[in-house]
Amino acid sequence: MNLFSEIRSLVLDALAAMQAEGTLPEGLSFDNVAVEPPRDAAHGDMATNAGMVLAKPAKMKPRDIAEALAAKLAGDDRITGAEVAGPGFLNLRLSATVWQGVLAAVLDQGTEFGKSDMGQNRKVNVEYVSANPTGPLHVGHTRGAVFGDALASLLDYAGYDVTREYYINDGGAQVDVLARSVYLRYLEAHGQEVAFVDGTYPGDYLVPVGQALKDKVGDAYLNQPEDVWLADVREYATDAMMDLIRADLAQLGIKMDKFFSEKSLYGTGLIEAALKSLDDKGLIYEGVLEPPKGKKPEDWEPREQTLFKSTEHGDDVDRPVKKSDGGWTYFAPDIAYHYDKVSRGFDELIDVFGADHGGYVKRMKAAVSALSGGTVPLDIKLTQLVKLWKDGEPFKMSKRAGTFITLRDVVDQVGPDVTRFVMLTRKNDASLDFDFDKVLEQSRENPVFYVQYAHARVMSVLRRAAEAGIAADEATLKSADLSKVNHEAELVVAKKLAEWPRLVETAARTNEPHRVAFYLYELAGDFHALWNRGNELTELRFIQDGDAATSQAKMALAQSVAVVISAGLGILGVNPAQEMR
RNA sequence: GGUCCAGUAGCUCAGCUGGAUAGAGUGUCGCCCUCCGAAGGCGAAGGCCAUAGGUUCGAAUCCUAUCUGGACCGCCA
């Protein structure tokens with residue numbers, strides 16, 4: 001149930017009726033007619049811009065249209081006030097019954113309240129994390145992981161058919177580096193002294209992998225040339241790394257629907273097929289690229305390569321798909337991978353990348369545009385850097401990995417719920433400060449705490465009611481007499497709840513899950529404010545001694561808040577707190 | 001040289017497919033808080049929305065240019 005679209009259709013009906021009467025000319029488009037909450041609550045509950053939007057095409061004055069519309073709407077018993085204001089806004093006031101109806105809907109639908117069908121079950125693929133299988137996930141990956149996962153949940157909630165996917169970069173030279181590094185650990189496990197030169201991964205996390213390799217193959221690879229063991233160790237090591245990464249993701253409660261291996265694109269004709277598809281469109285040619293302007297690489301020299309004419313699809317320069325030695329560039333399997341996604345019938349694609357892949361956006365969009373003939377939109381969301389702070393200073397060292405802070409370093413310290421919520425308290429394209437001390441602070445400054453505290457307070461009220469002998473179970477609250485929830489301070493909260501379905505649609509349309517986090521903070525703020533007013537105005541307290549009916553009505557409001565917080569936290573992947581400790 | 005992102009209150013940041021007097025937290029100042037629901041509450045001050053043009057009935061939001069900061073820029077993934 002979305003109250004805003006309900007009122008909007010009420011407005012549209014009225015406009016149509018005005019046309020039928022001749023008050024408005026025929027042939028107007030109502031597409032731009034919006035019904036929104038005004039910024040200033042003094043302006044009423046909802047405002048429509050119909051007068052201003054229609055003034056020009058109707059050749060009428062905005063305020064005249066608004067006046068006529070007001071007269072039409074006044075007949076509806078949900079509308080208690082309709083006044084023209086400003087340049088031609090029509091401000092509407094809704095009856096308390098409407099807001100009480102919102103509470104009833106929340107209690108009736110539970111966390112389904114706010115679900116939308118805007119997705120129309122369209123198939124959308126969200127690719128995220130996709131970290132190289134060469135080590136544990138670090139903080140940067142963590143942000144992408146949380147963002148992508150929340151986005152996927154959000155789209156699911158908004159009615160899309162979502163697939164969560166991870167692209168394993170197991171085809172490139174970095175996997176050879178991994179294999180050699182593991183081989184060194186293998187030698188180490190056999191008691192040999194080894195040196196980690198440049199171009200190998202020195203992290204401790206490979207020690208157990210080397211040991212396990214020894215347990216598996218014994219001394220079979222000792223004193224053997226690389227071509228004997230490399231292929232096998234590659235396979236063994238990437239499997240081990242993916243186990244590690246899966247475990248890291250599991251710590252955050254993230255479960256992928258599909259892991260797609262880059263390696264599976266080689267030798268199977270998939271890359272060739274993808275490029276042929278582009279070639280058939282005349283988008284592949286042999287050529288030489290201009291050198292990059294500005295700072296020129298020292299060793300730059302012109303080379304003939306196989307190029308993709310990405311400029312035809314919005315890119316700035318054409319991109320090489322084959323190296324001068326004839327091997328594929330990294331871009332080639334990426335094209336093939338997205339070709340595969342398009343072939344699997346997705347209606348929309350979303351890639352979540354780290355900010356360092358920003359230079360990749362245009363060519364990837366160009367590729368998908370070319371491959372799908374412009375029918376499949378690709379949205380690429382970049383997550384900016386995370387800066388870690390501890391004791392007021394930048395926090396950079398990791399004991400575990402040696403060089404970077406891992407996902408585990410973070411989750412072990414603050415837990416998965418805090419990690420996830422905090423990572424979503426900034427929009428994805430702004431960098432984020434993660435302060436280990438602040439995220440655990442119990443104050444209004446800390447949104448995680450503040451939202452959790454609101455939920456815990458509701459739970460606490462329900463528990464105390466039960467102790468006081470007032471039934472507060474779900475069925476009782478559902479049948480409570482909601483007309484007793486009529487104080488302005490209480491209706492403010494109900495109005496906030498009414499915005500939830502609309503917020504879900506906005507957040508889903510823009511692919512911005514952080515909006516959910518901010519909304520929950522606002523909702524929690526409104527709830528806490530109501531709670532605090534109970535200090536002075538005892539009639540606003542949720543439990544009214546000796547008056548079960550009123551208590552139950554007020555608790556129904558509290559319960560509604562808890563339900564929407566649960567739904568929102570569910571999208572963010574955070575568990576609501578039953579009590580604070 | 002180019003591409004992308006950011007620039008909003010002292011600080012950290014929101015700002016809903018363009019809407020009315022631009023919001024929140026924090027900080028500052030004032031008041032309240034021995035108890036009845038205070039891991040606080042109420043109120044005030046604080047803004048040329050980086051700058052200059054443009055589009056529009058209307059711009060923080062869209063377009064153009066400029067400035068500042070960050071990321072990236074053929075064989076690495």
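Where a number appears in this text, it was derived from the coordinates with a stated rule and is not lab data. Since this is a predicted model, take the numbers as computed values, not measurements. Cβ coordinates were reconstructed from backbone atoms using ideal geometry, including for glycine residues, and neighbour counts include every protein chain displayed.
In plain terms, the residue of A:Phe434, A:Phe404 with the fewest other Cβ atoms within 10 Å comes first and the most crowded comes last, giving A:Phe404, A:Phe434.
For chain A, the mean residue ellipticity at 222 nm estimated from helices alone is -15500 deg cm²/dmol, where every DSSP H run of n ≥ 4 contributes -39500 (n - 2.57) and the total is divided by all residues, rounded to the nearest 500.
Of the trypsin sites (Lys or Arg not before Pro) in the range A:239-333, the ones in a loop by DSSP (not H, G, I, E or B) with at most 15 other beta carbons within 10 Å are A:Lys255, A:Lys281, A:Lys293, A:Lys295, A:Arg303, A:Lys323.
Database remark: amide H of A:Thr383 closer than 5 angstrom to the amide H of A:Phe353, A:Gly354, A:Ala355 (H placed geometrically; neighbours at sequence offset of 5 or more, or on other chains; Pro and chain starts carry no H). For A:Thr80, the residues whose modelled amide H falls within less than 5 Å of its own, excluding neighbours fewer than 5 places apart on the same chain, are A:Arg93, A:Leu94, A:Ser95. Cross-link partners for A:Lys387 among the lysines, with Cα-Cα distance under 19 Å and sequence neighbours closer than 8 places in the same chain left out: A:Lys396, A:Lys399, A:Lys427, A:Lys438.
In sequence order, the range A:379-389 has phi-based couplings of 10, 10, 9, 9, 9, 7, 4, 10, 9, 8, 10 Hz under the Karplus curve 6.51 cos²θ - 1.76 cosθ + 1.60, θ = phi - 60°, and Gly or Pro positions carry x. For chain A, DSSP calls about 50 percent of its internal beta bridges antiparallel.
Between the helical axis of A:96-109 and the longest alpha-carbon principal axis of chain A there is an angle of about 40 degrees.
Residues whose amide H falls under 5 Å from that of A:Ala47, counting only those 5 or more places apart or on a different chain, are A:Glu36, A:Leu92, with hydrogens built in the peptide plane. Between the helical axis of A:62-73 and the dominant principal axis of chain A, each derived from Cα atoms, what acute angle in degrees is found, rounded to the nearest 10? It is inclined by approximately 70 degrees.
Would you mind computing Rg(Cα) / (2.2 N^0.38 Å) for the range A:3-94, counting N as its residues?
Output field value: 0.97.
The string of couplings for the range A:132-137 from the Karplus curve (6.51, -1.76, 1.60, θ = phi - 60°) is 4, x, 10, x, x, 6 Hz, one whole number per residue in order, with x for Gly and Pro. With respect to chain A, whose longest principal axis is taken over its alpha-carbon atoms, helix A:407-423 is tilted by about 30°. For the range A:483-497, backbone phi angles converted through the Karplus equation (6.51, -1.76, 1.60; θ = phi - 60°) give residue-by-residue couplings of 5, 6, 8, 9, 6, 3, 5, 7, 5, 4, 5, 4, 5, 5, 4 Hz, Gly and Pro being listed as x. Here A:Lys478 is the anchor, and the lysines within straight C-alpha reach of less than 26 Å, apart from those fewer than 8 places off in the same chain, are A:Lys115, A:Lys495, A:Lys496, A:Lys554. As a ratio to 2.2 N^0.38 Å, the alpha-carbon radius of gyration for chain A is 1.19.
Ranked for footprinting exposure by Cβ neighbours inside 10 Å, fewest first, A:Glu127, A:Glu348, A:Glu262 give A:Glu348, A:Glu262, A:Glu127. Listing A:His514, A:His528 from fewest to most neighbouring C-beta atoms within 10 Å gives A:His528, A:His514.
For A:Lys341, the lysines whose Cα falls under 26 Å of its own Cα, not counting residues fewer than eight places away in the same chain, are A:Lys123, A:Lys255, A:Lys258, A:Lys263, A:Lys276, A:Lys281, A:Lys309, A:Lys322, A:Lys323, A:Lys362, A:Lys365, A:Lys381. Determine the shape class of the range A:340-468: with a ≥ b ≥ c the square roots of the Cα gyration tensor eigenvalues, call it rounded for a/c under 1.5, and otherwise prolate if a/b is greater than b/c, oblate otherwise. Here the range A:340-468 falls in the oblate category.
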